[in-house]
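Read the structure below first, then the notes.
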Amino acid sequence: HQRDLRFLKETCGFEYMRFHGLLNEEMHVVKLGANGEITYDWTNIDRVYDLLVRDLKIRPIVELGFMPEPLASGTKTIFWWKGNVTAPKSYDQWAALIEQLTRHLTQRYGVDEVRNWYFEVWNEPNLDGFWPQGQAEYFKLYETSARAIKRVDAIYRVGGPATAGFGWIKETLDYCAQHDVPIDFIATHAYGAMEGFLDESGKGHTTLAPNADSVIDGFSHVLAAVHASKWPNLPVLVTEW
């Protein structure tokens with residue numbers, strides 16, 4: 001992966017990268033002691049981001065997911081690499097993780113650098129495979145994460161809902177406006193597919209939408225929701241396509 005990423009950077013010169021699994025259990029970020037105390041190990045996150053930021057000059061879109069097992073309320077996972085998709089058993093513990101992660105990234109890369117990053121809360125929570133807890137619980141996760149990041153630096157950019165098929169855009173904006181929750185960008189995904197949004201095993205049948213402009217046409221609804229919101233000039237990031 002690192003070899004191919006280096007080739008793509010040299011060939012295409014792109015400036016940002018988003019990926020799944022930053023907080024997956026295989027990254028060994030959260031440690032649970034014998035007495036129940038929680039500690040953090042940033043070693044593997046540093047290895048990944050050092051390659052991106054310092055070596056390849058690629059800035060992260062920090063996807064906050066999936067749930068580290070010591071913090072998870074359940075055992076449901078997705079994909080062969082077993083990303084835990086359950087809510088945190090304690091939102092205080094989740095908030096502490098996100099705040100300490102943000103503080104660590106600030107200390108390692110500097111506030112001026114991290115202000116150029118994007119913090120994106122979760123992945124496609126409108127699909128049960130990625131977030132079986134529903135919309136209200138996602139908004140709780142989003143609010144907790146956004147406030148934790150802003151405690152470190154009010155200028156850091158946090159956004160969501162990172163939904164499949166342009167979902168939950170108006171609802172997210174309405175929630176943030178009604179509860180005074182910070183939001184700095186909208187993130188969403190578009191594949192131009194009529195069915196097959198999620199094929200965990202890679203063996204399903206996915207049908208492309210018959211309209212060649214289906215992805216572009218969908219933006220009108222996204223932009224209309226943004227323009228009608230409290231934040232009419234909010235940037236929109238399509239972080240999967």
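The values are calculated or read from the model by the stated rules, or taken from the named source; none is laboratory data. For clarity, every value in this text was computed on a predicted model and none was experimentally measured. Reconstructed Cβ throughout: ideal geometry from the backbone, glycine too, with neighbour counts over all protein chains shown. Just so you know, the surface numbers come from the protein's heavy atoms only, side chains and all, with ligands and any DNA or RNA stripped out. Shrake-Rupley method; radii C 1.70, N 1.55, O 1.52, S 1.80 Å.
Go through the range 1-41 and give me each residue that's part of a loop (DSSP other than H, G, I, E, B) and under 19 Å from ASN84 (Cα atoms).
Narrowing the range 1-41 to residues part of a loop (DSSP other than H, G, I, E, B): 1, 13-15, 19-24, 28-29, 33-37, 41.
Matches in the range 1-41: PHE19, HIS20, GLY21, LEU22, LEU23, ASN24, HIS28, VAL29, ASP41.
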ask   = Are there any pairs, at least 6 apart or on different chains, whose C-beta atoms fall under 8 Å, with the first in the range 51-80 and within 14 Å of GLU25 (Cα to Cα) and the second among the acidic types (Asp, Glu) and not in a loop (DSSP other than H, G, I, E, B), and if so, which?
value = LEU64/GLU120; PRO68/GLU25; GLU69/GLU25
note = Here the residues within the range 224-239 that are in contact with a strand residue (DSSP E or B) (Cβ under 9 Å, 6 or more places away or on another chain) and loosely packed, with under 14 Cβ neighbours inside 10 Å are PRO235
ask   = Of the conditions (1) open to solvent by less than 30 Å² (accessible area, probe 1.4 Å); (2) touching a Gly at 6+ places or on another chain (Cβ under 9 Å); (3) among the hydrophobic types (A, V, I, L, M, F, W, C), TRP81 fails just one. Which one is it?
value = (1)
request  = Return only the number of the condition from (1) basic (Lys, Arg); (2) farther than 20 Å from ASP184 by Cβ; (3) out of contact with any Ser or Thr (no Cβ under 6 Å at 6 or more places or on another chain) that LYS76 does not satisfy.
outcome  = (3)
ask   = Does at least one position in the range 94-102 carry a residue that is touching a strand residue (DSSP E or B) at 6+ places or on another chain (Cβ under 8 Å) and of a type in the set (S, T, N, Q)?
value = yes
request  = Mind listing just one residue for me: the one in the range 1-31 that is in contact with a strand residue (DSSP E or B) (Cβ under 7 Å, 6 or more places away or on another chain), closer than 20 Å to TRP117 by Cα and of a type in the set (D, E, K, R) and, of those, most open to solvent (accessible area, probe 1.4 Å)?
outcome  = GLU15
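Just give me the residues in the range 43-77 being among the hydrophobic types (A, V, I, L, M, F, W, C) and over 18 Å from ARG18 (Cα atoms), in sequence order. Reasoning before the result, please.
Step one: filter the range 43-77 for residues among the hydrophobic types (A, V, I, L, M, F, W, C), giving 45, 48, 51-53, 56, 58, 61-62, 64, 66-67, 71-72.
Residues satisfying the conditions are LEU71, ALA72.
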message = What's the total number of residues in the range 199-241 that are of a type in the set (Lys, Arg) and either farther than 30 Å from TRP80 by Cβ or in a helix (DSSP H, G or I) (or both)?
response = 1
ask   = Under 6 Å by Cβ, and 6 or more places apart or on different chains, what pairs join a residue from the range 210-234 that is under 19 Å from ILE183 (Cα atoms) with one that is open to solvent by less than 80 Å² (accessible area, probe 1.4 Å) and modelled with pLDDT under 85?
value = none
key: Boolean, GLU37 is of a type in the set (Asp, Glu) and either farther than 19 Å from ALA148 by Cα or touching a strand residue (DSSP E or B) at 6+ places or on another chain (Cβ under 6 Å) (or both)   = yes
query = Does LYS203 satisfy being open to solvent by 60 Å² or more (accessible area, probe 1.4 Å) and in contact (Cβ under 8 Å) with a residue 40 or more places away in the chain?
reply = no
request  = Starting from the range 128-139, keep only residues that are over 15 Å from SER73 (Cβ atoms), then list their pairs with residues that are part of a loop (DSSP other than H, G, I, E, B) and open to solvent by 30 Å² or more (accessible area, probe 1.4 Å) whose Cβ atoms are within a distance under 6 Å, requiring at least 6 positions of separation or different chains.
outcome  = GLY129/LEU198
key: Checklist (1) of a type outside the set (A, V, I, L, M); (2) within 22 Å of HIS189 (Cβ to Cβ); (3) modelled with pLDDT under 95 applied to GLY21, failing item   = (3)
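Right, VAL62: in a strand (DSSP E or B), modelled with pLDDT of 95 or more and buried (at least 16 other Cβ atoms within 10 Å of the Cβ) or not? Show your work before the answer.
Working: in a strand (DSSP E or B): yes; modelled with pLDDT of 95 or more: yes; buried (at least 16 other Cβ atoms within 10 Å of the Cβ): yes.
Answer is yes for this residue.
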